[in-house]
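Here is the structure we will look at.
We did not get these values from a lab; they are worked out from the coordinates using the rules stated. Keep in mind it's a predicted model, so treat the numbers as computed, not measured. So basically every Cβ, Gly included, is an ideal-geometry build from the backbone, and we count neighbours across all protein chains shown.
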Amino acid sequence: ALPIYGPEWTDQQRLAMAVVDHIGDVPAPDPAWLARWRAVDRVAGAVVDRVLAATPWPTGAHVARDLSAALPDGATLFLGSSNPVRYVDLFAHTGKLRVMANRGVAGIDGSVSTAAGIALGGGGPCYALLGDLTFLHDTNGLLVGPEEQRPDLTVVVLNDDGGGIFTLLEQGAPAYAGSFERMFGTPHGTDLAALCAAHHVPHLLVSDRDKLAPALAPAPGLRVVEIRLDRGGLRDWQRGLFEAVADALAG
């Protein structure tokens, strides 16, 4: 008989009726599985390439892909929560990078400070890709005492003036448009250049794709690169992309 344990053995939510250590035999691996996934990846990747080429720059998807391509081998990329970590997961090529994040895709506490600590720990050029709300939630991370070591860190801020992630969730549906901005969009209108100047941190606004890679060239010290996005059409754009991928795979 197989040993049976109470739900508390591994199920902290107390949802399991029973826990057993083994059920049946592990099936032999399917040698065609990897080939199928690679084929699917090629089809989906071609659709993503086509959609991005037809979409005006910048979107978060563009920046995730262009940033990952521009960073030097061995660089560290710290990802903010919500959209940035999703953009990199869906659109970037990070094989040459060390990628780090806090708490998966949730929680914006202390992101600037975390990235600064990683940069101070060494290990190559360090970058952070953050949304504007995540950045603003921890602007105290820009404060460095006069006798303290300054991190070599480039913070790239995707500024869509609010919570772009919520446009992609249930509350972003047209039915809730009347209350969306106040409750979830939360526009702030903050002048990031002035904020950085108050902290004596260099700031650069990049609005041209050709200027992104030069702005990311490794440099000493702490600096902020801002890229302004429009979140107004994000929901429809992403739905169209996913539908195009689904159609290509179905065909």
(request) Would you be able to tell me the number of residues in the stretch 61-93 that are closer than 21 Å to residue 207 by Cβ and either of a type in the set (Gly, Ala, Ser) or without any contact (Cβ under 8 Å) to a residue 12 or more places away in the chain (or both)? (result) 7
(request) Please give the number of the condition residue 55 fails out of (1) within 12 Å of the chain's Cα centre (by Cα); (2) in contact (Cβ under 8 Å) with a residue 24 or more places away in the chain. (result) (1)
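Does the stretch 72-84 contain at least one residue that is buried (at least 16 other Cβ atoms within 10 Å of the Cβ) and among the aromatic types (Phe, Trp, Tyr)?
Checked the stretch 72-84: at least one residue is buried (at least 16 other Cβ atoms within 10 Å of the Cβ) and among the aromatic types (Phe, Trp, Tyr).
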(request) List every residue pair whose Cβ atoms sit under 6 Å apart, with the two residues 6 or more apart in sequence or on different chains, where the first one lies in the stretch 151-164 and is touching a residue at least 24 places away in the same chain (Cβ under 8 Å) and the second, anywhere, is hydroxyl-bearing (Ser, Thr, Tyr) and crowded, with 22+ Cβ neighbours inside 10 Å. (result) 154/127
(message) Restricting to the stretch 132-175, name every residue that is in contact with a helix residue (DSSP H, G or I) (Cβ under 6 Å, 6 or more places away or on another chain) and closer than 21 Å to residue 98 by Cα.
(response) 134, 151, 152, 153, 157, 158
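Working carefully through the options 92, 28, 64, 69, find the one that is out of contact with any helix residue (DSSP H, G or I) (no Cβ under 9 Å at 6 or more places or on another chain) and of a type in the set (Gly, Ala, Ser).
The match here is 28.
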